[in-house]
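Here, each number is a calculation from the coordinates, and none is a lab measurement. All figures in this text were calculated on a predicted structure; none of them were measured in a lab. Methodologically, a virtual Cβ is constructed for each residue, glycine included, from the backbone with ideal geometry; neighbour enumeration extends over all protein chains shown.
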Amino acid sequence: MAEKGDLSEVVFRIKRMMMAVEETTEFTDLSLMGRQLLDHIATNQSVRYPLSVVEIMGLHKLGSPATLHKRLGELIAAGLVKLDIDAKDNRRKFARLTPRAISIYNRISAALSSEMRRK
């Protein structure tokens with residue numbers, strides 16, 4: 001067991017909070033790989049730019065292109081991701097979070113912030 005003040009205790013506390021928050025969200029219906037892909041799309045969109053479908057198919061650490069395509073379809077069907085056509089090249093599509101997905105991530109963020117202030 002980690003001692004109080006140990007950095008590992010902070011990591012474990014955050015992981016416990018994330019698990020508790022995630023169990024109450026609408027993401028629970030997603031497969032693990034679908035959730036990982038959604039998190040990857042969300043993180044990339046918030047830090048840099050939306051990922052293109054071609055870039056998503058190249059995420060080999062998350063699965064084969066066929067599997068990723070299936071998971072992307074899962075996210076679109078769940079109303080969490082939409083595909084936008086590039087204005088400069090209509091053959092290129094970008095995956096973006098829908099307002100529903102952004103709302104869920106905002107609720108997770110608020111719950112985590114509240115929990116961090118509480119302890």
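Considering only alpha-carbon pairs that sit under 8 angstrom and 6 or more positions apart, the relative contact order computed for segment 72-119 is 27 percent. For segment 57-104, the dipole from Cβ point charges (+1 on Lys and Arg, -1 on Asp and Glu) about the Cα centre works out to 40 debye, to the nearest 20. As a calculated quantity, the FRET efficiency between Arg16 and Ser46 at R0 = 22 Å, using C-beta atoms, amounts to about 0.40. With R₀ set to 30 Å, the beta-carbon distance separating Leu62 from Ser113 gives a calculated FRET efficiency near 0.60. If you take the charge dipole of the chain about its Cα centre, with +1 on Lys and Arg Cβ and -1 on Asp and Glu Cβ, which of Leu30, Leu68, Gln45 is farthest toward its positive end? Value computed over the given set: Gln45.
Going from the residue with the fewest nearby Cβ atoms within 10 Å to the one with the most, Ile108, Ile56 rank Ile108, Ile56.
With charges only on Cβ, +1 for K and R and -1 for D and E, what is the dipole size of the chain about its Cα centre, in debye, rounded to 20? Magnitude of the dipole: close to 220 debye. Close Lys pairs in segment 8-118 (alpha-carbon distance under 21 Å; sequence gap of 8 or more, or different chains): 4. Here the extension length gained between Asn106 and Met33 equals 24.2 nm, from 0.36 nm per residue of separation less the Cα-Cα distance.
Across the chain, C-alpha contacts under 8 Å between residues 6 or more apart give a mean separation that, scaled by the residue count, equals a relative contact order of 25 percent.
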